[in-house]
Amino acid sequence: MELEYESTLKDACRPQIRHFIGSETYKKQLIAGCLWSGFFAALFVCAISKLIFGEVNIYYVALGLVLGIVTVALTHKDSVTKRITKHMDREIGDKFPYTTTYLLDDESLTCRSLDTDITFKLMHCSDISEVDGYLEVRFGGRGLCTIPLRAFTTEFQKSSFIDAIKIQAEQVAAPDS
């Protein structure tokens, strides 16, 4: 089974963003960012409190800590998304739009775009879901395929593609004895 569509910058960035946001590295960066931001915000509020009031007010320091943590917690995902998008645009921005082809065979799902082929073994398929206008095919920690739903011309084509992945993944995972 073959599926072909024209990729945009958003389409090209989506798998990298979604895969990174689900990673341990992202979680560690988020925690470290919250802690450092909270620390420096509390330190800043402590210094301002000392200058203005002549003493350190613990409530203001706690407020600074909370504001620092909340600021990073709310903006980190957008920051990561912007950095990845900016990098992808810098690297391949002049080639958009380009044709992306997905080939589904008995044991793998292959993505061909630009001059690159990426093959995912169906035995590693852990989840298939629709998220924000994309079909996401997860392969555990090994990778993620994202296909924009606009690539499917009909609902039947989409359901046939999903069913084919599920059936072939099950056959590969549990071969006949």
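The values are calculated or read from the model by the stated rules, or taken from the named source; none is laboratory data. Computed from a prediction, not measured in an experiment: that's the story for all the values here. Positions of Cβ are backbone-derived with ideal geometry, glycine not excepted, and every protein chain shown enters the neighbour counts.
Any chance the stretch 18-39 includes a residue that's aliphatic (A, V, I, L, M), in contact with a strand residue (DSSP E or B) (Cβ under 9 Å, 6 or more places away or on another chain) and closer than 26 Å to residue 120 by Cα? Checked the stretch 18-39: no residue is aliphatic (A, V, I, L, M), in contact with a strand residue (DSSP E or B) (Cβ under 9 Å, 6 or more places away or on another chain) and closer than 26 Å to residue 120 by Cα.
Residues in the stretch 1-25 that are within 19 Å of residue 151 (Cα to Cα) and of a type in the set (Ser, Thr, Tyr) were compared, and the one that is surrounded by the fewest Cβ atoms within 10 Å (Cβ to Cβ) is 8. Among the residues of the stretch 69-94, those identified as over 17 Å from residue 20 (Cα atoms) and at pLDDT below 95 are 89, 90, 91, 92, 93, 94. Applying a threshold of 8 Å to beta carbon distances and a minimum spacing of six or more residues, or different chains, the list of pairs starting in the stretch 35-61 at a residue that is among the polar types (S, T, N, Q) and ending at one that is not in a helix (DSSP H, G or I) reads 49/55; 49/56; 49/57. Of all residues in the stretch 29-83, those satisfying the criterion of being among the hydrophobic types (A, V, I, L, M, F, W, C), closer than 30 Å to residue 14 by Cβ and exposed (fewer than 15 other Cβ atoms within 10 Å of the Cβ) are 31, 32, 35, 36, 70, 74.
Does the stretch 57-71 contain any residue that is assigned by TED's automatic domain parsing to the domain that holds residue 38 and outside any helix (DSSP H, G or I)? So far as the stretch 57-71 goes, yes, one or more of its residues are assigned by TED's automatic domain parsing to the domain that holds residue 38 and outside any helix (DSSP H, G or I). Of everything listed in (1) over 23 Å from residue 21 (Cβ atoms); (2) touching a residue at least 12 places away in the same chain (Cβ under 8 Å); (3) not aromatic (Phe, Trp, Tyr), the single unmet condition for residue 125 is (1).
Restricting the stretch 87-139 to residues that are in a helix (DSSP H, G or I) and acidic (Asp, Glu), which is surrounded by the most Cβ atoms within 10 Å (Cβ to Cβ)?
89
Of the listed requirements (1) closer than 19 Å to residue 158 by Cα; (2) free of Cβ contacts under 8 Å to residues at least 40 places away in the same chain, residue 145 misses just one: (2). Restricting the first member to the stretch 154-172 and to residues that are buried (at least 16 other Cβ atoms within 10 Å of the Cβ), and the second to residues that are modelled with pLDDT of 90 or more, the beta-carbon pairs closer than 6 Å and six or more apart or on different chains are 158/152; 162/128.
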